[in-house]
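Okay, structure first, notes after.
Values in this text are rule-based calculations from the coordinates and carry no lab data. Just so it is clear, the structure is predicted and the values come from calculations on it, not from any experiment. Don't worry about glycine lacking a Cβ; one is built from the backbone with ideal geometry, like all the others, and counts go over all protein chains shown.
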């Protein structure tokens, strides 16, 4: 095994169907034609299980879509995954539109369900609904409250670009006020439907200023003992304070930077079994109904090229922060067509 | 006893891989059950010659050509041992 961590992350898009059409979405199609039966989903789950066992790793599986609650096989699949001792955490990534008490009651029966992540793209209804559709803000907020009231941990996913960057500070307030446990602010990757909106892509300076502002706020909230965790162990964050990366055992709340996980400890599976290195890097590297997970992991040219950091181009190639960054390969691909090129939003 | 006219090959579930970083890292992967073996460069080079086309005798000649007289006996001995082990582990087989 090539990696040294003990958790492997699988993002599994079990359906392409969705009840929203968010402007910046990375999907291109939303139909059910290539979706798998429960039996085929079980076959893929067995492949995941086999790999985790072989690699002696714990699996964290995030089930998503499209909108995962639209797929009737979601709950039986979770029940199946829960039986596997190598899978220790399951998450669901949703838009929060159709979550009701009946769904919540079912969710409460799962022992390994660790969190429900809901996407919002504005701290204000106007900003969010412009991007995600009318009424989506109120429904998402109601779902956060329903889940929290029922003792289920929630996460908030925010995809930041020119149309919602102004809301970030208020979004942190919202997350704190709604007792959301984790906030992830992800950079917009203009692909799929979102490819039409390349002009929403933030400049280096905008990203730099934004990340600096978020780090300052996160450290302040950490000192105050606010339970919200703002995820910053991703690419580019290390540049804000390179010295921080040298301190061992920094609490996650104030930790900065993380190497892109492609080829190290993560994979993405689509609704038809196709495997991508990452959902935001739409290059098929196999299909789990036709190829073994080992064949994909050990022989994919794309994975090997990305694993070898000497292949990175431009300023990423010689950067001393590679172990805590290495740039977003998906953004490089979306903006330049070359997933090995330097991260176009790096301000260093 | 090694029959030098035999032609051997890696079983189809095994692949050899060279990772071009530093001086190179060398692996043998089983893509069915996920087994992986880290190799040194010499073992990698030897296994690369077991390609289902060359006989053991031909591979021996290749190795002799590649290495100086000084190392020749040692290399041939290592190759013989590698084949023995790979056969025991069912990693290589006679060409069908």
Listed residues A:246, A:313, A:295; largest mean-square fluctuation, Gaussian network over chain A with Cα springs below 10 Å, found at A:246
What is the spin-label model distance, in nm, from residue B:27 to residue A:249 if the labels are put 7 Å beyond Cα along the C-beta direction? 3.3
At a threshold of 8 angstrom on Cα-Cα distance, excluding pairs fewer than six apart, so keeping six or more, what relative contact order does the range A:84-225 reach in percent? 21
For a paramagnetic label modelled at 7 Å from the Cα of residue A:347 toward its Cβ, which residues of the range A:185-209 fall within the zone defined by backbone nitrogen distances under 17 Å? A:185-188, A:201-209
Taking a ≥ b ≥ c as the square roots of the Cα gyration tensor eigenvalues, with a/c under 1.5 meaning rounded and otherwise prolate when a/b beats b/c, else oblate, which class fits the range A:118-231? oblate
Quick note, chain B: a/c under 1.5 would make it rounded; otherwise a/b > b/c is prolate and the rest oblate (a ≥ b ≥ c, C-alpha gyration tensor); here it is oblate
Report the relative contact order of the range A:1-82, percent, no decimals, based on alpha-carbon pairs under 8 angstrom and at least 6 residues apart. 52
Spin-label proximity, residue A:315 to the range A:209-246 - amide N less than 12 Å from point 7 Å beyond Cα toward beta carbon: A:236, A:239-240
Chain A, relative contact order in percent, only Cα pairs under 8 angstrom and at least six apart counted: 17
Inter-part gap, Cα centre of the range A:206-275 to Cα centre of the range A:123-142, in whole angstrom, is 26
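With a ≥ b ≥ c the root eigenvalues of the C-alpha gyration tensor of chain A, is it rounded (a/c under 1.5), prolate (a/b larger than b/c) or oblate?
The shape class here is rounded.
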Starting from the 7 Å offset along Cα-to-Cβ, what nm value, one decimal, do you get for the label separation of residue A:205 and residue B:73? 7.5
Taking chain A as a Gaussian network, Cα atoms linked when under 10 Å apart, which of A:232, A:102, A:134 shows the biggest mean-square fluctuation? A:102
One finds, for residue A:289 and residue A:89 with R0 = 25 angstrom and r their Cβ-Cβ distance, a FRET efficiency to the nearest 0.05 of 0.50
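Of all beta bridges DSSP finds with both residues in the protein assembly as shown, what is the antiparallel percent, to the nearest 5?
On the way: 19 of 54 bridges.
In the protein assembly as shown, DSSP labels about 35 percent of beta bridges as antiparallel.
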When the Cα centres of the range B:27-76 and the range A:302-321 are compared, how far apart do they sit, in Å? 30
With a 10 Å cut-off between alpha carbons and a GNM built on chain A, which of A:133, A:286, A:225 moves the most? A:225
Calculate the spin-label point distance for residue B:94 paired with residue A:307, positioning each point 7 Å from the Cα along the beta-carbon direction, and give it in nanometres. 3.5
